[in-house]
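Worksheet: one structure, shown below.
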Amino acid sequence: MPVRKKINRLLSGVLILFLLPLAEADAKIDLVTLSDRDAVETTIYNEADLTLVRDKRTLNFVKGMNRLQFSWANTRIDPTSLSLDIKKDADKISVVEITYPPGTKDVGVWQIKAAEACRAPVEITYFTSGISWQAYYVAVVSEDRNTSDLKGYVRVTNHSGEDYGNALTRLVVGKINILDEIAGLAGLDHPYGRPDLMGGEPERKILLSKAKQVLTEARSMAMDAAPARPKEIAKEGLSEYFLYTVEGRESIPHGWSKRLLSLQADPVRVQNLYRYDRDRFGDAVVRFLTFDNKKENHLGETPLPGGEIKVFRSTGPKGELEYIGADTTKYIPVGKTADLNLGETLSVKIKPLVMAYRKENLAFDKKGNITGFDEVKDYEVRLSNFTHTRATLEYVENFDSPDVSISRISLPDRFKKTDQDSITFTLELAPQASETLKFTASTPRGDRKWQP
Amino acid sequence: MAALKTIKPMMISLVFLFALAFGLQARTSLVSLPDRQDAAIRLQDREGAALVQEKRRLTLKKGINHIDFSWQNVMIDPSSILLAPLSHPDKIILLSVSYPPAEAALVWEISSPEDLEEEVMISYLLSNIDGIVAYQALADTKETVLELRTYLVLRNFSGEPFNPVTAHTSLGPPFTTPIQNLETKKILVSRNPDIPIKKIYTWDALTMPHEPEKSETGVGIPVSYELTNQKASKLGNFALRPGKTRLFQQDNQGSTIFLGEDTTSFTPMGGKTRLHIGDSRDIVVTKHRLDAAKTNVRRNSDGQVQVYDETVKEEILMENLKDGPVTLSIVETLPGHWEKVDISSPYTLKDHQTLIFAIDLPAKAKKTLTLNYKVLNIFAANFSEFNGARD
């Protein structure tokens with residue numbers, strides 16, 4: 001259809017909107033009014049492949065029934081999410097229904113009843129997949145390793161098949177409940193499936209080849225006026241989520257990514273924590289960098305969304321850096337501590353050793369058969385800090401029985417029984433310092449666990 | 001009325017068929033089935049099939065009339081097909097129904113006392129046409145009320161177009177709409193604003209991790225909206241049928257965000273439904289078992305343990321990192337024969353083993369719930385299947 005092609009070119013996009021008089025319902029589609037977008041808003045989720053698009057337009061309605069056709073191609077729109085709201089004169093204009101006509105795909109037709117001819121703003125909303133955002137952090141730890149400069153970024157990537165030019169961009173931090181993947185719904189031959197195909201399950205295939213094609217169709221990036229300063233990101237809490245709104249408008253064409261600064265905090269006090277926990281990390285010391293998401297730490301305004309963090313250390317006044325490691329943080333609520341696992345290290349040593357082993361309180365039944373005993377181990381844990389800075393060392397031991405009892409603890413003020421079968425020692429060590437911890441673990445075996 | 005494509009009379013070919021099958025008698029005549037005048041569809045509260053009722057006007061002759069009803073490329077349950085005379089129900093007698101071999105058809109044998117024009121209602125169950133329900137909800141910024149829009153999604157893959165059809169559903173008054181074969185239509189059937197909602201955070205000890213700090217990914221506490229299907233809650237006009245519900249919330253920028261989606265369960269009038277919107281990671285719950293002492297150990301003459309009690313001490317640490325207060329529902333399951341020693345907060349019993357605590361957590365507050373209870377009469381050997389949950 002030549003008209004359609006022309007529109008496609010005009011919009012340089014793939015979403016097409018037609019307003020059709022009802023009388024033309026059975027005829028070939030004739031274009032009556034095509035309105036450009038007044039504004040577009042994208043609300044992008046990071047823990048689900050879902051973006052809520054709000055497309056604002058002003059349309060002319062004739063008195064009576066109006067048909068408004070919305071069609072798309074090569075995009076990943078969920079047709080069941082299409083919704084149209086009249087933003088003015090809602091008492092005169094009402095949306096009667098939306099139809100997904102037979103023999104078509106990626107088309108929705110609204111029937112809109114107008115009491116009189118008028119012009120009214122409308123908002124069309126829908127879900128698309130293929131647009132995502134991730135948080136990304138860079139921490140530069142001071143030479144003395146006690147503070148850090150922390151920068152947070154958000155990176156928006158558009159693989160949706162549609163260019164979103166000049167859009168208000170909003171990012172949602174949160175874990176929403178989703179029943180169906182939007183990419184799957186976008187690939188269905190029939191929006192709500194077919195009754196004869198058990199809820200349409202066999203149709204829920206993601207059109208991979210199509211998606212690949214979409215992914216490779218990067219277009220030239222729209223040239224935005226260069227801002228004189230990084231854009232501000234306004235943050236607001238809503239329900240259980242956090243909403244980041246990027247200042248001004250953003251153009252993110254299909255195939256492109258854009259990174260924006262979302263957070264800058266300096267100095268952030270950091271703690272160098274070295275953990276030994278055989279159950280979690282094996283027989284190795286793992287280095288953690290921790291910091292509190294609190295106001296006194298120049299943070300704490302908002303939760304920190306989960307994302308990759310790269311940690312460097314400043315080694316000179318001219319920006320010389322040393323790469324320390326990388327981790328992926330989980331969501332850090334306000335008031336909680338970020339715990340970055342920077343991997344195994346040899347510069348701190350924590351070595352638990354069993355220095356004595358005894359079997360005590362042997363128990364026998366009436367026939368003289370052995371029924372139980374206490375297994376007693378004297379532990380010695382040698383801790384050494386070979387780094388040049390003060391370090392906090394944490395030693396966790398998990399026992400195989402909830403009946404274990406701990407005694408003869410050498411540093412009781414550093415000791416905590418975390419639960420019935422695990423203990424933690426936490427202590428600070430000066431650079432190049434060493435310490436030895438001692439304790440005895442007695443575990444009743446067999447019938448001994450029944451005896452007081 | 002457009003001519004039917006798939007359900008139609010097959011008069012010409014069947015004249016010969018009936019001539020053979022029934023051996024035409026003088027008073028027997030074949031009546032073709034005329035086009036439908038009016039069609040209604042009663043959508044079932046289940047997916048996949050609908051009851052179609054259509055009116056047709058028959059020209060009957062005095063005596064025995066054979067009426068052929070046949071269909072192609074549609075799935076009609078033959079045993080569901082009914083014919084009811086409307087104009088002269090006292091005069092018209094349906095004598096029999098015959099099913100020709102290997103054909104999607106049937107023949108009604110009707111006796112008429114005179115030449116009559118008769119309006120009949122034909123009913124049948126048609127497959128692959130149904131109406132499923134979808135909801136869209138919009139909560140206010142404070143999450144105290146929401147507007148619920150109920151949509152009927154009419155899916156016609158039956159092979160038969162309806163131009164138009166009157167659809168009867170359990171969702172409100174009937175409406176008339178055309179629906180083509182292979183067409184899907186989404187129709188707003190009701191819009192209920194200002195429905196009060198209650199926001200509920202639930203931590204269930206059976207399903208949630210006990211040490212979220214050790215989890216590689218952030219642990220979220222499920223958050224739901226609860227609403228009641230009753231008049232006082234601006235609902236209660238009909239039972240809520242199961243359907244996907246997409247929930248949005250107004251934001252402070254004059255726009256909305258998507259909160260999440262859940263399936264509304266069947267909610268009769270007066271019933272409550274909960275919609276899981278998403279998870280909160282600003283409420284942190286950690287549970288530790290501090291002790292489980294074995295007491296009152298009883299042995300047999302061989303000294304083997306037969307029965308014992310266990311005195312358990314557990315603590316649940318709850319932290320609200322949000323700026324506002326929340327009510328947290330803690331669900332704790334204590335299977336078997338147990339008795340309370342000291343439990344630090346009041347609770348209600350959902351059943352003998354399920355304790356529900358409603359904990360008010362002010363903004364930025366921490367609370368500890370301690371559970372000290374005895375599990376009695378734990379069997380060490382025989383009857384150990386009686387130690388756990390007993391429904």
Out of B:Ala358, B:Ala232, B:Ala167, any idea which swings most in a Gaussian network model of chain B, alpha carbons joined below 10 Å?
B:Ala232
Of B:Ala380, B:Thr370, B:Leu334, farthest towards positive along the dipole that unit charges on Lys, Arg, Asp, Glu beta carbons give region B:294-391:
B:Thr370
Once the Cβ-Cβ distance between A:Asn166 and B:Asp360 is put in as r, and R0 is 45 Å, what FRET efficiency do you end up with, to the nearest 0.05?
0.45
Computed label-point distance, nm, for sites A:Val354 and A:Glu143 using a 7 Å Cα→Cβ extension:
4.8
Say R0 is 22 Å: what FRET efficiency, to the nearest 0.05, do B:Phe383 and B:His352 get from their beta-carbon distance?
0.75
P(r) for the protein assembly as shown, please, calculated from all Cα pair distances in 10 Å bins and given in %.
2, 10, 15, 17, 16, 14, 11, 7, 4, 2, 1, 0
Relative to the present Cα-Cα distance, how much length would full extension add between A:Ser434 and A:Phe281 at 0.36 nm per residue of separation?
52.9 nm
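Looking at the square roots a ≥ b ≥ c of the eigenvalues of the Cα gyration tensor of region B:221-270, which shape do they give, rounded for a/c under 1.5, prolate if a/b is larger than b/c, or oblate?
In terms of gyration-tensor shape, prolate.
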Can you list the aspartates and glutamates whose alpha carbon sits under 15 Å from that of B:Lys234, skipping same-chain ones fewer than 8 residues off?
B:Glu147, B:Asp194, B:Glu226
Sort A:Phe291, B:Phe379 so the one with the fewest other Cβ atoms within 10 Å of its own Cβ comes first.
B:Phe379, A:Phe291
Computed FRET efficiency, Cβ-Cβ of A:Asn60 and B:Asn252, R0 30 Å: what is it to the nearest 0.05?
0.40
Projected onto the charge dipole of region B:177-328 (+1 at Lys/Arg Cβ, -1 at Asp/Glu Cβ, origin at the Cα centre), which of B:Ile197, B:Thr286, B:Gln306 gives the Cα projection farthest towards the positive end?
B:Ile197
Distance in nm between pseudo-label sites at A:Phe386 and A:Asp38 (7 Å out along the Cβ direction from Cα):
6.8
From other protein chains only, count the Cβ atoms within 10 Å of every residue's Cβ in B:278-289, then give the mean.
5
Taking region B:162-257, which GluC sites (Glu not before Pro) meet the DSSP loop condition and have no more than 11 other C-beta atoms within 10 Å?
B:Glu216
Cα-Cα longer than 22 Å, checked against A:Lys175/B:Lys186; A:Lys235/A:Lys258; A:Lys87/A:Lys113; B:Lys199/B:Lys231, kept in input order, equals A:Lys175/B:Lys186
Can you give me the C-alpha center-to-center distance between region A:163-184 and region B:191-210, rounded to a whole angstrom?
23
How would you order B:100-108, B:117-125 from highest to lowest mean count of nearby Cβ atoms within 10 Å?
B:117-125, B:100-108
How many nm separate the modelled label positions at A:Lys449 and A:Lys113, each set 7 Å beyond the Cα in the direction of the Cβ?
7.3
GluC sites (Glu not before Pro) lying in DSSP loop within region A:131-192, provided at most 15 other Cβ fall within 10 Å
A:Glu143
For A:Lys449, go through the aspartates and glutamates and keep the ones whose alpha-carbon is under 19 Å away, minus same-chain ones fewer than eight residues off.
A:Glu360, A:Asp365, A:Asp374, A:Glu375, A:Asp400, A:Asp403, A:Asp419, A:Asp421, B:Asp291, B:Asp302, B:Asp309, B:Glu310
Which residues among region B:191-208 fall inside the zone where the amide N is under 20 Å from a point 7 Å beyond the Cα of B:Ser215, along Cα→Cβ?
B:200-208
Give the shape of region A:219-377 as rounded, prolate or oblate, defined through the alpha-carbon gyration tensor: a ≥ b ≥ c are the square roots of its eigenvalues, a/c under 1.5 means rounded, and otherwise the shape is prolate if a/b is larger than b/c and oblate if not.
prolate
Within region B:193-224, name every residue whose backbone N is under 20 Å away from a label modeled 7 Å from Cα of A:Asn398 along the Cβ vector.
B:205-220
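Throughout, read-outs are computed from the coordinates displayed, never taken from laboratory work. Remember, it's a predicted structure, so these values are computed and weren't measured experimentally. Positions of Cβ are generated from backbone atoms using ideal geometry, with glycine treated the same way; all protein chains shown enter the neighbour counts.
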